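Q: First, the structure itself, so that you have it in front of you.
The values are calculated or read from the model by the stated rules, or taken from the named source; none is laboratory data. Every value quoted in this text rests on a predicted model; they were computed, and no experiment measured them. Here the Cβ positions follow ideal geometry from the backbone for every residue, glycine too, while neighbour counts run over all protein chains shown. With ligands, DNA and RNA removed, areas are computed over all heavy atoms of the protein, side chains included. Shrake-Rupley method; radii C 1.70, N 1.55, O 1.52, S 1.80 Å.
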Amino acid sequence: MKHKTSKEKSAGSRNRLWGGRFAAGPSAILRAINVSVGFDRTLALHDIRGSRAHARMLGRQGILPAPDVDRILAGLAAIEAQVKKNTFPFEDALEDVHMNIESRLFDAIGEAGKKLHTARSRNDQVATGFRLWTREALEHLDEKLKALQAALIAQAGQHVDTVMPGLTHFQTAQPVSFAHHLLAYVEMLGRDRDRARAARARLNECPLGAAALAGTPWPIDRRQTARELGFDAPCANSLDAVSDRDFVLDYVHAASMAMLHLSRLAEEIILWMNPQFGFVTLGDDLTTGSSIMPQKRNPDAAELVRGKAGRVFGALVQMLCLLKALPLAYAKDLQEDKEQTFMVEETLDLCLSAMTAMVGGLRVNKEAMEEAAGKGFATATDLADYLARELNLPFRDAHHVTGRIVKLAEEKGCGLPDLPLSSLRTVEPRIGPNVFEVLSPKASMSSRASLGGTAPLRVKEALAEAKRRFL
Ligand code: ARG
């Protein structure tokens, strides 16, 4: 077990950062439940950025003398270099990333290191560091979503005229362009990017200077630190600043929606790869074989994207539960906001890479798609539209007549375009030979030229628009 084998340098001794009123150190069990450095070390560089801005502000405000500030900045720079090189000695006994860094600073620069925490608390410190991290995560999410959109758009560009069966109720409905289908996902991802950007804009207020919960008597300048850290403004209310984790929920929600969309696309790739569909294949680099069944080519990566969606949604529920009964202001429960959120970032990053690779690597079997598009009486609606348009039948009646013709084809075991005109006329004598112009899947697809429809003409425009809007 991790907590038993970790280094326990100050185990049993009083805490250097708050040991004044404590006679003894924490028990092993308290240390075990309290420790977070194993995961919050992810925030080390963000914590250092926050500390640097805070120290500079303390100097400018005359709260700390310039030489102390210089020593603090030099110490932080050395720690930063160690973190970047992965040589910083994080210690479980020092509980979290903040106390690890502060303690190390004291070791490195002595007395001046003890002054950094003037007019600051770990509560505003962690809220600031985590906002900085989340801001980056949202920016990164936007970039990765854009890369997947680019892969979808590139694939769509090859398949404007490729016809496939569009489904409703997972039953053949009407023929659609494969590009149109892919562009539907580009729209979803576009909304995901909107969510990421909106979340970024909303979180961009700085908690630093809220101190423990009530502000501070020191003459700090919160606008300075906010500006230096790239925030639009300081958070307006100190209690809200240290206890608000809406920004985490916004992120995990945006991530969940993106993951949901990836999972739907993954599911479709899995279905299309089934030999009974045979719509697409993926190369050896993106599929796996079976240890027993030599014929198999499995879409493991897509299945794992679908499967991993669950853990991201789980994190969303976890964050909701974490916050729902927390009175103001900070409580240690809030330490539980990070581990799952880091996991969400890692998961989504990996899944976005996997989906981008799969979409780019899809080899499309146009013939199989077109053949399937001709099955299942996919152009029955076109026939009904023909009857309504050419013979002036009310659409309900046209629907009824078409139903009888479909039944006829079903009895003969053929498709609608295979019925001879004479058979069609046994149901509706006024049908003309031009009916065959509307019965092929391609004709059906091309006719749906309404705004946002699947006609190649429209899809070409949509493709150009998607490039303009998203890339
Ligand atoms: N590790 C803590 C967290 O992640 C830092 C803040 C601790 N604050 C405190 N008052 N104990 O929430």
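Q: Report whether or not Ala388 is touching a residue at least 12 places away in the same chain (Cβ under 8 Å) and among the aliphatic types (A, V, I, L, M).
A: No: the conditions fail for Ala388.
Q: Which of the residues that make up the range 343-386 are over 26 Å from Arg41 (Cβ atoms) and of a type in the set (Gly, Ala, Ser)?
A: Those that are over 26 Å from Arg41 (Cβ atoms) and of a type in the set (Gly, Ala, Ser): Ala354, Ala357, Gly360, Gly361, Ala368, Ala372, Ala373, Gly374, Gly376, Ala378, Ala380, Ala384.
Q: Kindly establish whether Leu262 is away from the ligand (no atom under 16 Å from the Cβ), in contact with a His (Cβ under 9 Å, 6 or more places away or on another chain), open to solvent by less than 20 Å² (accessible area, probe 1.4 Å) and not charged (D, E, K, R).
A: No, not satisfied.
Q: I need the helices (runs of 4 or more DSSP H) fully contained in the range 344-463, keeping only those with at least 1 residues that are in contact with a His (Cβ under 6 Å, 6 or more places away or on another chain) and more than 17 Å from Pro165 (Cα to Cα).
A: Hits in the range 344-463: 380-390.
Q: Can you name every residue in the range 226-249 that is open to solvent by less than 40 Å² (accessible area, probe 1.4 Å) and not in a loop (DSSP other than H, G, I, E, B)?
A: Passing the criteria: Ala226, Ala233, Pro234, Ser238, Ala241, Val242, Ser243, Phe247, Val248, Leu249.
Q: Something else about it: Please verify whether the range 106-126 includes one or more residues that are under 26 Å from the mean Cα position of the chain (by Cα) and either charged (D, E, K, R) or within 14 Å of the ligand (Cβ to nearest atom) (or both).
A: yes
Q: Quick check on my filter: what residues within the range 310-344 are loosely packed, with under 13 Cβ neighbours inside 10 Å and either within 18 Å of Ala258 (Cβ to Cβ) or more than 11 Å from the ligand (Cβ to nearest atom) (or both)?
A: Gly310, Val317, Leu320, Cys321, Lys324, Ala325, Pro327, Leu328
Q: Let me ask something else about it. Could you list all residues from the range 275-304 that are free of Cβ contacts under 8 Å to residues at least 60 places away in the same chain and closer than 27 Å to Asp192 by Cβ?
A: If the condition is that a residue be free of Cβ contacts under 8 Å to residues at least 60 places away in the same chain and closer than 27 Å to Asp192 by Cβ, then Thr287, Pro299, Asp300, Ala301, Ala302, Glu303, Leu304 are the ones that fit.
Q: Please find, among Ala373, Ala329, Ala354, the residue that is in contact with a Lys or Arg (Cβ under 9 Å, 6 or more places away or on another chain) and small (Gly, Ala, Ser).
A: Being in contact with a Lys or Arg (Cβ under 9 Å, 6 or more places away or on another chain) and small (Gly, Ala, Ser) holds for just one of Ala373, Ala329, Ala354, which is Ala373.
Q: Further question on the same structure: Checking Ala173 against (1) surrounded by fewer than 24 Cβ atoms within 10 Å (Cβ to Cβ); (2) in contact with a Leu (Cβ under 7 Å, 6 or more places away or on another chain); (3) part of a helix (DSSP H, G or I): exactly one of these is not met. Which one?
A: The failed condition is (3).
Q: Same structure, new question: Which is at pLDDT 95 or above, within 16 Å of the ligand (Cβ to nearest atom) and of a type in the set (Asp, Glu), of Glu80, Glu136, Glu102?
A: After ruling out the rest, the residue left standing is Glu102.
Q: Then there's this: Determine whether Phe313 is among the aromatic types (Phe, Trp, Tyr) and over 29 Å from Val364 (Cβ atoms).
A: Yes: the conditions hold for Phe313.
Q: List the number of the failed condition for Val359; all other conditions in (1) away from the ligand (no atom under 16 Å from the Cβ); (2) open to solvent by less than 20 Å² (accessible area, probe 1.4 Å); (3) touching an Asp or Glu at 6+ places or on another chain (Cβ under 9 Å) hold.
A: Result: Val359 fails condition (3) only.
Q: Look through the range 281-297, keep the residues that are part of a loop (DSSP other than H, G, I, E, B) and among the polar types (S, T, N, Q), and return whichever of them is nearest to Lys366 (Cα to Cα).
A: Going through the qualifying residues, I end up with Thr287.
Q: Please identify the pairs in which a residue from the range 40-59 that is open to solvent by 10 Å² or more (accessible area, probe 1.4 Å) and away from the ligand (no atom under 13 Å from the Cβ) has its Cβ atom under 9 Å from the Cβ atom of a residue that is modelled with pLDDT of 95 or more and among the polar types (S, T, N, Q), counting only partners at least 6 apart or on another chain.
A: Matching pairs, first to second residue: Arg49/Thr128; Arg56/Gln224; Arg56/Thr225.
Q: Between residues in the range 63-85 that are within 18 Å of His117 (Cα to Cα) and residues that are open to solvent by less than 10 Å² (accessible area, probe 1.4 Å) and among the polar types (S, T, N, Q), which pairs lie under 6 Å by C-beta distance while being six or more apart or on different chains?
A: Sorted first by the residue in the range 63-85, then by its partner, the pairs are Leu76/Ser51.
Q: Using the structure shown, decide if Ala373 is open to solvent by 20 Å² or more (accessible area, probe 1.4 Å), at negative phi, more than 16 Å from the ligand (Cβ to nearest atom) and not polar (S, T, N, Q).
A: no
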